[in-house]
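The values are calculated or read from the model by the stated rules, or taken from the named source; none is laboratory data. Everything quoted here is computed from the prediction, not taken from an experiment. Here the Cβ positions follow ideal geometry from the backbone for every residue, glycine too, while neighbour counts run over all protein chains shown. What goes into the accessible areas is simple: the full protein's heavy atoms, side chains included, and nothing from ligands, DNA or RNA. Shrake-Rupley method; radii C 1.70, N 1.55, O 1.52, S 1.80 Å.
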Amino acid sequence: MYMYRSDVVGSLLRPPALKEARRRYEAGEMGAADFKKVEDRAVDEAIDMQIRSGLDAITDGELRRYAFYGHLIDAMEGFDKLGGWAIPFRNEQGERLLLQRPVVVSRLRRKRPMCAEEFTYVRARTAHPAKATMVSAQQAAAYYDPEKSSSAYPDIDSYLADIVDILRAEVDELIRLGCTYIQIDAPQYTALLDPEMRDGYRQRGNDPDRLLDLAIEVDNAVIRHHPGVVFGLHLCRGNNQSKFYASGDYGPISRIFRRTRFERFLLEYDDARSGGFEPLAEVPHDRTVVLGLVSTKRPELESKDELRRRIEAATEFIPLERLALSPRCGFASTMEGNAVTGADQEAKLRLVAETASDVWGGQGRRRAARAF
C-alpha cells in the first residue's frame, strides 16, 4: 500500500466569504443552494492549495463543518448543539476561553450521511489521493450528560451503542464509495495523558486506565477490519483558536499503539507540551507514525533543518521507514480558526511536503495530481 510521507490532519482556515455566507445562511438570509455554491468554491480553493503545496494526501479542509465534530452533530437529530458542558482552553500566556460543546438530548436519528458528500466532492475534482476525517466514538462519548441525556439514553453505554452503529455505517459507506484512507479524530484520548486531568478523573471516581480501555474497545468496533483501507488515529492535546486543553507525553496512553487496529498514528509533537519521542518505542513494527512537527497555532515558520533534526531524533525509537510528516493538528478545528493567515497555512503545508521529499526522497509522492 502506498506510503503517504506528507500528510495534513484535516481542517483548514475558513475563507472570510465562507464565514459570512454561513452566518447569513444560519440567519435565514441566504438560501441553501446559494450557500452550497460558496461552500463548493471554498473547497475547490482548498483542494488547489493543498495540491499546489505538494502534499501526498489531502482533505476537503472540513470547510463544510462548523467544527471538526460538526459532521456528526449536523447529520443527526438528537443533539443540542451548544447545550453540553464547556471545556476550557488556554495558551502559554494564561489566556483562556470556553468551548460550549454539544449534548445528546433525544434518541439519535440519522438525517443524512456524515462524510459522503465531503469525500465524493473531492474525488470528483481531482485524482489526487484524499482521505476522509471522522470523529471518534470516544470523542462522541463526551456529548453524554447524565442529567440532560438520561431521558434519551438511560446510561452512556446505551448511547455509545448507537454511536458505534452510526460511525460503523459511515465507515462502510465511505469504503463503498472508494475511500481508502480514513482518519479518526480522537482528542479526548489526551485527557487521559494529562496528569492533572487523570487526577480529576480519579477524584470523580473514574479510573483513567479503565476509560482508556473502553475507548480503545469502541474505536476498534467502529473501524473493524477492512483490507486495503488505511485507518489513521489522530491524537492531539486540544486545538481551538490557537489554544490547547491538555499537556503531557504519550506514555500514559501508549497502549493505544499496541491494542488498537489503526495502522497510522498522527501525533502532535510541535512543542514541549507534547513530551519526548520515547513512547514511539511502543508502536508495533507494522504501524506508521506521522510526526506532527509543524505548528498550526503559531505563524512562525519552522526551519527544514530543525524538522530534519527532530525526525532524526525520533528514529532513536522508531525506524525512519515507518515515519511520515504533517502539521501537528488542523488549522481550524473550529470555525474561528487559529491565529495564522492563509499565507502562513500554505507555507507550512509546503514546508511539510518539501521536507518529506528531502528526507524520504523517491519514497514520497514527488508529483502532484492536477485538479480538474
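Placing unit charges on the Cβ atoms only, positive for Lys and Arg and negative for Asp and Glu, gives the range 29-83 a dipole magnitude near 40 debye about its Cα centre.
Of all DSSP beta bridges located in the chain, what percent are antiparallel, nearest 5? So the antiparallel bridges in the chain amount to around 35 percent. Hey, with R₀ at 25 Å, roughly what FRET efficiency would Ser106 and Asp249 work out to, going by the Cβ-Cβ distance, to 0.05? My answer for the efficiency is 0.05.
A DSSP coil position with no more than 14 other Cβ atoms inside 10 Å describes the following chymotrypsin sites (Phe, Trp or Tyr not before Pro) in the range 2-36: Tyr2.
Using only side-chain charges placed at the Cβ, +1 for Lys and Arg and -1 for Asp and Glu, the dipole size of the chain relative to its Cα centre rounds to 700 debye. Shape class for the chain, computed from the alpha carbon gyration tensor (a ≥ b ≥ c): rounded, with a/c under 1.5.
The packing ranking of peptides 336-343, 150-157, highest mean first, is 336-343, 150-157, where packing means the average number of other beta carbon atoms within 10 angstrom of each residue. Helices meeting the span-like rule in the chain (full DSSP H runs, Cα extent of at least 20 Å along the helix axis, mean Kyte-Doolittle score of 0.5 or higher): 208-223. With Cα atoms defining each centre, the range 292-368 and the range 1-35 are spaced 22 Å apart in the structure. Of Lys19/Lys81; Lys36/Lys111; Lys297/Lys348; Lys131/Lys297; Lys81/Lys348; Lys131/Lys348, which pairs sit farther than 21 Å apart, going by alpha carbon to alpha carbon? From the list (Lys19/Lys81; Lys36/Lys111; Lys297/Lys348; Lys131/Lys297; Lys81/Lys348; Lys131/Lys348), the Cα-Cα distance tops 21 Å for Lys131/Lys297; Lys81/Lys348. Extension gain, Asp207 to Arg261: 0.36 nm times the residue separation minus the Cα-Cα distance gives 17.1 nm. Of the GluC sites (Glu not before Pro) found in the range 19-81, those in coil by DSSP whose Cβ has at most 15 other Cβ atoms within 10 Å are Glu29.
Around Cys179, what is the net charge, scoring Lys/Arg as +1 and Asp/Glu as -1 over all other residues with Cβ under 13 Å from its Cβ? Taking every Cβ under 13 Å from that of Cys179, the sum is -3.
When a 1.4 Å probe is rolled over the protein heavy atoms, the share of accessible surface on the chain that falls to carbon and sulfur comes to 50 percent. Applying a DSSP loop filter and a limit of 14 other Cβ atoms within 10 Å to the trypsin sites (Lys or Arg not before Pro) in the range 107-188 leaves Lys111.
Identify, among Leu307, Leu160, Met114, the residue whose Cα sits farthest towards the positive end of the charge dipole of the chain, taking +1 on the Cβ of Lys and Arg and -1 on the Cβ of Asp and Glu, with the dipole about the Cα centre. The Cα lying farthest towards the positive end belongs to Met114. Note on the chain: helix-only mean residue ellipticity at 222 nm, from DSSP H runs of 4+ residues weighted -39500 (n - 2.57) and normalised by residue number, equals -11500 deg cm²/dmol. Farthest towards the positive end of the charge dipole of the chain, among the residues Val103, Ala272, Ala324, is the Cα of Ala324, using unit charges on the Cβ of Lys, Arg, Asp and Glu. Per residue, the accessible area of the chain comes to 41 Å² when a 1.4 Å probe rolls over the protein heavy atoms. Using 0.36 nm per residue and subtracting the Cα-Cα separation, the extra length available between Asp155 and Glu173 on full extension is 3.7 nm.
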